[in-house]
Structure formats: C-alpha cells, structure tokens
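For reference, the structure is listed below as structure tokens.
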Amino acid sequence: MAEAVLANELWVTADQLLEIPDDGLRRELVRGEVRVMSPAGRSHGRVAIRLGARLERYVDEHGLGETYAAETGFRVLSDPDTVLAPDASFVRRERLQELGAAEGLLPGAPDLAVEVLSPRDSFDEVEEKVFEWLTAGCRMVVVVNPRQRTATVYRSPSDFVRLTEDDVLDGGDVVPGWTLPLRELFG
C-alpha cells in the first residue's frame with residue numbers, strides 16, 4: 001500500500017516513510033525524496049558495531065542517556081520532511097526527559113551522530129549529510145573512514161578535526177568522559 005502512495009506523491013512524508021513495508025532495505029528521507037541505502041559491507045558493519053557497542057556500554061554505565069543503532073530514524077526537518085538514520089547515535093538524558101515516551105521517529109537531531117563510510121559513499125553525499133545533522137542541531141558528528149583508518153569529528157561546518165588510527169576519539173562535552181582509541185575500531 002505504501003509503495004503505491006509513494007508513486008503518486010511529489011514528495012513523501014515522514015509518516016509515509018514509516019508505512020513502507022520492511023523489505024530489509026534501509027531508507028532515509030531527504031527533503032521528501034526517499035533514498036535507499038545499499039547494504040553495508042563487512043568493514044563498515046564491523047567498525048559500526050565496535051563503535052556503537054563501546055558507546056552504548058559507556059553511556060549505560062554512566063547514565064548519560066540512550067544510544068541507538070542504524071535503524072533509528074531522526075526527523076530533522078519538516079515540510080518537506082527529512083529523516084536520517086546514522087550508523088550510531090547518542091541522545092542525552094535531559095533531552096530524552098523532554099521528549100517523553102513517544103514511539104516512532106525521534107524529533108530533531110541526536111547529540112552525537114556517527115556515520116561510517118562505505119566504499120560506495122561519495123564525499124559530496126557524506127558532506128551533505130554532515131551539514132544536515134549540524135544544521136538540525138547535532139552537537140557532534142563523527143565520520144569514520146575504514147579504508148583510510150581515520151575519523152573526522154565535526155562540531156560545525158568550519159570546526160572539524162581529522163584523527164588517525166593513532167589518535168583517540170574524545171566525546172568532549174557531548175559524551176563527557178568517553179574516549180575511544182581509534183586503533184580499536186580498525187583491528
């Protein structure tokens with residue numbers, strides 16, 4: 001049913017995106033346009049789970065908020081709607097209390113969004129997504145590049161730092177006290 005609705009619309013809403021039957025594909029919505037994401041490869045999946053697991057463990061142990069996996073959508077823009085799903089994310093406890101127990105898409109951006117590059121990702125697509133996150137209020141975006149064994153940490157379009165596998169990712173004031181030696185992601 002949702003597929004038929006999509007074919008007749010100029011753009012799709014976030015609610016319509018949620019109605020698409022689960023066919024195993026990941027989708028995001030960018031200004032009303034549905035974007036199907038190819039399945040991740042081995043390296044992408046391994047790096048994403050390693051980072052996400054370490055983040056989850058730390059956040060849980062310190063009661064900082066909640067972490068989410070790649071399937072979690074954040075509605076970052078409305079009319080036309082934009083729904084993005086990072087590879088891993090964190091939302092602080094105080095913000096969760098403001099949101100209450102509502103189900104479905106999370107409104108706004110997470111405090112931390114992590115994107116792991118796939119071999120098929122273009123620089124322009126990734127940069128566009130980083131700027132979408134930052135514009136929506138994300139306080140830190142981490143883009144991990146498994147091929148180059150690097151991570152770029154963005155605080156704004158003009159405030160970013162590139163880390164190598166010899167560096168340590170630091171959660172700063174977004175995830176206070178959390179650190180992760182990048183070498184652990186690529187081992």
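The figures follow:
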quantity: The chain, helix-only ellipticity at 222 nm - DSSP H runs n ≥ 4, -39,500 (n - 2.57), divided by all residues, nearest 500; calculated: -9000 deg cm²/dmol
quantity: Relative contact order computed over the chain (Cα-Cα under 8 Å; 6+ residues apart), in percent; calculated: 15 percent
quantity: Gyration tensor verdict on the range 1-103 (Cα atoms; rounded if a/c is under 1.5, prolate if a/b is larger than b/c, oblate otherwise); calculated: oblate
quantity: Selection from P86, F123, G172, by position along the positive dipole direction of the range 70-183 (Cβ); calculated: G172
quantity: With Cα atoms, 0 to 90° folded angle of helix 123-135 axis to the chain main axis; calculated: 90 degrees
quantity: Over the range 100-186: Rg over Rh, Cα atoms, Kirkwood Rh; calculated: 0.98
quantity: Exposed trypsin sites (Lys or Arg not before Pro) absent - longest run of the chain, DSSP non-H/G/I/E/B, at most 14 other C-beta within 10 Å; calculated: 32-119
quantity: Helix 42-62 vs. the chain, principal-axis angle (Cα, 0 to 90°, nearest 10); calculated: 70 degrees
quantity: Chain lengthening between A53 and S158 when straightened (0.36 nm per residue, less Cα-Cα); calculated: 34.9 nm
quantity: Sorted largest first, extent of the chain alpha carbons per principal axis (Å); calculated: 51, 38, 31
quantity: Check: the range 10-74 dipole with +1 on Lys, Arg Cβ and -1 on Asp, Glu Cβ, in debye; calculated: 480 debye
quantity: Dipole magnitude of the chain, debye to nearest 20 (Cβ charges: Lys/Arg +1, Asp/Glu -1, about Cα centre); calculated: 660 debye
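Since every read-out is calculated from the coordinates, none of them should be taken as a lab result. The structure displayed is predicted, hence computed values, not measured ones. Quick reminder, even Gly has a Cβ in these numbers, built from the backbone with ideal geometry, and neighbours come from all protein chains shown.
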